[in-house]
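Asks: Sharing a structure here in structure tokens format.
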Amino acid sequence: MIFRIAMIVAFALMAGCSGDSQEAQKRAEAREYYRTTNTIIPASDEIITFPALPMPDDSRPASNPDRNAYFGDLHVHTTLSFDASAFGTTASPADAYRYAQGEAIKHPGGFEVQMAQPLDFYAVTDHAVMLGLINEAEDTSTSVSQYDFAKPYHNMNESVGGGLLDLAKRSKVFSNFVSDVVASLLNGTINDGVVNDALKSGWIQTVEAANEAYKPGTFTTFAGYEFTSSTDEREALHRNVIFRGAERLPAQPFSRFNSMNPEGLWDWMDALRKQDIESLAIPHNSNGSNGAMFMFTDWAGNAIDQEYADQRMRNEPLVEITQVKGTSDTHPLLSRNDEWANFEIFPLRTSTRIPSNPRGSYVRNAWLRGLSMADSAAANPYKFGAIGSSDTHTGAASLQEDNYFGKIGTFDDTAEKRGSIPASFLYGTLVKLAAPEMVEVVDDQTYLDFSGYKYWGASGVAGVWAEENTREAIYDALRRKETFATSGTRIKVRFFAGYALNNAPLDSPDLVSTAYQDGTTMGGTLKADGDRQPTFFTWAVADPNTAQLQRVQIIKGWLEEGEHQEHVYDVACSDGLIVDSQTHRCPNNGARVNLNDCSITANVGAAELKSLWQDPDFIPGQEAFYYVRVLENPVCRWSTWDAIRAGETPRSDLSATIQERAWSSPIWYSAADNNNNFVD
């Protein structure tokens, strides 16, 4: 009887019943309006001032002219994001900053989570659209909670069950909240001020938490938020906006309510810059954009010109190359001769089950498209550097394969919900009957398939090279693109190019100083100098808490008779192995993973790899870019860890192992020295 009642209730909830047909029609119209209307609420031009922060004391570490590697996350959601709150997240921005510094916080699943290694910098970037509004709808003591649209959300997170009924209820919250707000705006139940007041309050809370947690020299925070836009075809065009300082800021962030066109965001950022409020935007999840992120045209369909390229690069010098919803480096269909291209690929458009076209969606392809546009129109809008970040929606980045706790709270807090172990008879039967598209059979076992969670990864991390751990130094590193990304570990990678580095001794203590003096670092442009051939210097250091390094690669992209070309060169091998001059590959170093217990081969790999390399296919004057990819020895993927701990056999359709990696920002070799860098 209990089973039958539960099934009937689950059917009713998971079918998304929303009352009478009039209510459903109202939501559908609001949803369509939201998807297709550029401006729903006019942007505010109000500026507010926050208290000046105390001056740093003299005990902070000294500035290092050769720069230090700092690791952070610039993509973090808390309970102030409407979707995170719907997922059961109650962690505040202050909680998120405590987590980043190594403290344990509570996960929506009821357990505590804690980082194995604290991070050096962190930015809470909650969705600007309706920032904090769902929290006011939940809290019955607020004036917002008294509106009809808010009543279904009262006390939503007083308890977080995590069972199917709770998930079904929360799915409705995720689906309905935006349309309920928009419908209320359209019918005049609420006005713009209701939304803007909540947004301003949430933004002030966000900035105050960042300022409170900031410890110059030790731990850096940034005021930031997410601009969450998509085309009317549900092609993701999301960006995170990071401010350099936090004393004078807009009273509320520019959101999807103000424009669905990213060019509107750039205009707003440019206007703020004229008022000495500096910021940059970082596109993410280009893999889910269906080609819309890196097009050959602007929003209106016009060919990209120099003005567009300059504005985009002025406001978007970076791109997020990896995160939990997949890696956006490259795709096997785009890089057929790259054996490592099939890495943590998420094949769907964001928050859908619709396939995403790889072309125009991946970063290496964008860098190549940039060369094409520079060749044909002298305008390159895609000369950006790379970072990683997590996109966690629990306030807590989940970065370890052996301790992965998911991204979206109570929806993926167990191995069963993540689809890494077979579903129980109860869950499998209920979901199969109520929503058959949410189950799949693999190896004669039934698994839950909630929106592609199986494709998600324990990623990623942003790396910068900066003189000190302060807002100014780290932001300036982001701005000049001296950045790198990792898939979750703390690999350090340096990358330089220059004409006077070919005889530099790799064991010299002055090597980095020499490279800065005589070369160009990652994110920069090395101007062609006649027939002179540059030398590239790579240096990678392993994370001592994960696997050792297997190899360092340089990936080159160029045009040949107008066609995109790319090549992967191994440039440094572990274990004393030598790169084959014909294949440009390191021999196999013998590193293996025991899939019975996830143990790895001992005493194989390198703690550090350095190289000086010249391109064997170099053509003087040929426009090109080069970037570094560092590969660790293989380890178990999180899904394999889940299966082994549950006494199950890992799924045959998922990669059992993973090679964690790091990517540098490129160095461009060009006849022109324009790096599209904005100079204030």
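Asks: Show me the ranking of peptides 177-186, 391-400, 160-169 by mean Cβ neighbours inside 10 Å, starting with the highest. Write out the running numbers ahead of the final one.
Replies: Values: 177-186: 22.1, 391-400: 27.7, 160-169: 17.3.
Averaged packing, sorted descending, gives the order 391-400, 177-186, 160-169.
Asks: Given region 320-385 reduced to its alpha-carbon atoms as identical point scatterers, what log10 I(q)/I(0) does the Debye formula return at q = 0.14, 0.20 Å⁻¹?
Replies: -0.45, -0.83
Asks: Now for a different question. Taking Cα pairs under 8 Å and at least six residues apart, what relative contact order does region 492-643 come out at, in percent?
Replies: That works out to 29 percent.
Asks: Round to a whole number: what % of the accessible area of region 42-94 belongs to carbon and sulfur, probe 1.4 Å? Kindly include the intermediate steps, with their values, before the conclusion.
Replies: On the way: 1340 of 2410 Å².
C and S atoms contribute 55 percent here.
Asks: Any chance you could get the radius of gyration and Dmax over the Cα atoms of region 561-639, in Å?
Replies: 16.4, 53
Asks: Continuing with this model, one more query. Calculate the length of the line joining the C-alpha centroid of region 158-181 to that of region 642-662, in whole Å.
Replies: 30 Å
Asks: Given H placed on each backbone N at 1.01 Å, which residues far from Met115 in sequence or on other chains put an amide H within less than 5 Å of it?
Replies: Correct list: Gly102.
Asks: Beyond 16 Å, how much of the Cα-Cα pair distribution for region 80-121 remains, as a whole percent?
Replies: Working: 321 of 861 pairs.
Counting every Cα pair in region 80-121, those more than 16 Å apart make up 37 percent.
Asks: If every alpha-carbon in region 505-582 counts as one equal scatterer, what log10 I(q)/I(0) does Debye give at q = 0.12, 0.17, 0.23 1/Å?
Replies: The calculated log intensity ratios at q = 0.12, 0.17, 0.23 Å⁻¹ are -0.51, -0.99, -1.37.
Asks: Can you work out D for region 187-322 in µm² s⁻¹ from Stokes-Einstein, where Rh is the Kirkwood radius over C-alpha pairs, the temperature is 20 °C and the viscosity is 1.002 mPa s?
Replies: Values: Rh = 16.3 Å.
Rounded, D is 131 µm²/s.
Asks: Please sort 497-503, 406-412, 111-117 by packing, taking for each peptide the average over its residues of neighbouring beta carbons within 10 angstrom, highest first.
Replies: By packing density, highest mean first, the sequence is 406-412, 497-503, 111-117.
Asks: So what J values fall out for region 136-144 if you push phi through Karplus, 6.51 cos²θ - 1.76 cosθ + 1.60 with θ = phi - 60°, rounded to Hz, Gly and Pro as x?
Replies: Using θ = phi - 60°, the values come out as 6, 5, 5, 7, 5, 8, 8, 5, 4 Hz.
Asks: List the aspartates and glutamates whose Cα lies under 15 Å from the Cα of Lys151, skipping any in the same chain that are fewer than 8 positions away.
Replies: Glu23, Glu136, Glu138, Asp139, Asp180
Asks: Just the number, please: Stokes-Einstein D of region 595-653 in µm²/s, Kirkwood Rh from C-alpha pairs, 25 °C, 0.890 mPa s.
Replies: Diffusion coefficient, whole number: 155 µm²/s.
Asks: Here is a follow-up. Throw me the Rg/Rh for region 84-195, computed over C-alpha atoms with Kirkwood Rh, two decimals.
Replies: So for region 84-195, dividing Rg by the Kirkwood Rh gives 1.02.
Asks: Then there is this: Reachable aspartates and glutamates from Lys274, Cα under 19 Å, same-chain residues fewer than 8 places away excluded?
Replies: Leaving aside aspartates and glutamates fewer than 8 places away in the same chain, those within reach of Lys274 are Asp45, Glu46, Glu247, Glu263, Glu307, Asp310, Glu316, Glu472, Asp476, Asp680.
Asks: Given +1 on the Cβ of Lys and Arg, -1 on the Cβ of Asp and Glu, and no further charges, what dipole in debye does region 190-247 carry about its Cα centre, rounded to the nearest 20?
Replies: Computed charge dipole of region 190-247: roughly 280 debye.
Asks: Continuing with the same structure: Explain nothing, just the number: relative contact order of the chain, from Cα pairs under 8 Å at least 6 residues apart, as a whole percent.
Replies: Answer for the chain is 14 percent.
Asks: Can you pull the semi-axes for region 537-680, root of five times each eigenvalue of the Cα gyration tensor, sorted largest first, whole Å? Walk me through the numbers before you get to the answer.
Replies: On the way: eigenvalues 239, 63, 46 Å².
Ellipsoid half-lengths, sorted descending, are 35, 18, 15 Å.
Asks: Same structure, new question: Based on the mean of other beta carbon atoms within 10 Å per residue, what is the order of 506-512, 104-110, 453-459, most packed first? Intermediate values should be presented prior to the final figure.
Replies: Numbers: 506-512: 11.9, 104-110: 19.1, 453-459: 23.9.
So the peptides 506-512, 104-110, 453-459, ranked by packing, come out 453-459, 104-110, 506-512.
Asks: Next up: Give me the three principal axis extents of region 411-516 from the C-alpha atoms, as integers in angstrom, largest value leading.
Replies: Principal-axis extents of region 411-516 (Cα, largest first): 67, 32, 20 Å.
Asks: Using only the Cα atoms, work out Rg/Rh for region 13-90, with Rh taken as the Kirkwood radius, to two decimals.
Replies: Reported Rg/Rh, Kirkwood definition of Rh: 1.20.
Asks: Related question: For region 200-264, which whole percent of the accessible surface, found with a 1.4 angstrom probe, sits on carbon and sulfur atoms?
Replies: 40 percent
Asks: What number comes out for accessible area per residue over the chain if the probe is 1.4 Å? Units Å², please. If you can, show how the numbers build up before the last one.
Replies: Details: 25690 Å² over 680 residues.
That works out to 38 Å² for each residue.
Asks: Can I ask one more? How much of the pair distance distribution for region 454-543 lies past 21 Å, counting alpha-carbon pairs only, in percent?
Replies: I get 42 percent for the Cα pairs in region 454-543 exceeding 21 Å.
Asks: Where q = 0.20, 0.25, 0.31 Å⁻¹, what log10 of I(q)/I(0) comes from the Debye formula for region 279-330, counting one point per Cα?
Replies: -0.79, -1.06, -1.20
Asks: Distance check, please: which entries in Lys172/Lys200; Lys215/Lys454; Lys325/Lys527; Lys325/Lys556; Lys26/Lys454 exceed 30 angstrom between their Cα atoms?
Replies: Long pairs (Cα-Cα over 30 Å): Lys215/Lys454; Lys325/Lys527; Lys26/Lys454.
Asks: Given the protein chains as shown and a 1.4 Å probe, how many square angstrom of Lys492 are accessible, to the nearest 10?
Replies: Rounded to the nearest 10, the figure is 80 Å².
Asks: To the nearest 500 deg cm²/dmol, what mean residue ellipticity at 222 nm is calculated for the chain from DSSP H runs of n ≥ 4 alone, each contributing -39,500 (n - 2.57), summed and divided by the residues?
Replies: -7500 deg cm²/dmol
Asks: Take the solvent-accessible surface of the protein heavy atoms, probe 1.4 Å, and return the percent of it on region 313-395 that carbon and sulfur atoms account for. Could you put the intermediate results ahead of the total?
Replies: On the way: 1070 of 2260 Å².
Here it works out to 48 percent.
Asks: Can I get the semi-axes of the chain's equivalent ellipsoid? Compute them from the C-alpha gyration tensor as square roots of 5 times the eigenvalues, in angstrom, largest first.
Replies: Largest first, the chain gives 40, 30, 24 Å.
The values are calculated or read from the model by the stated rules, or taken from the named source; none is laboratory data. Everything numeric in this text was worked out from a predicted model, so none of it was measured. Using ideal geometry, Cβ is built from the backbone for each residue, glycine included, and neighbour counts are taken over all protein chains shown. Note: accessible area is taken over every heavy atom of the protein model, side chains too, but ligands, DNA and RNA are not part of it. Shrake-Rupley method; radii C 1.70, N 1.55, O 1.52, S 1.80 Å.
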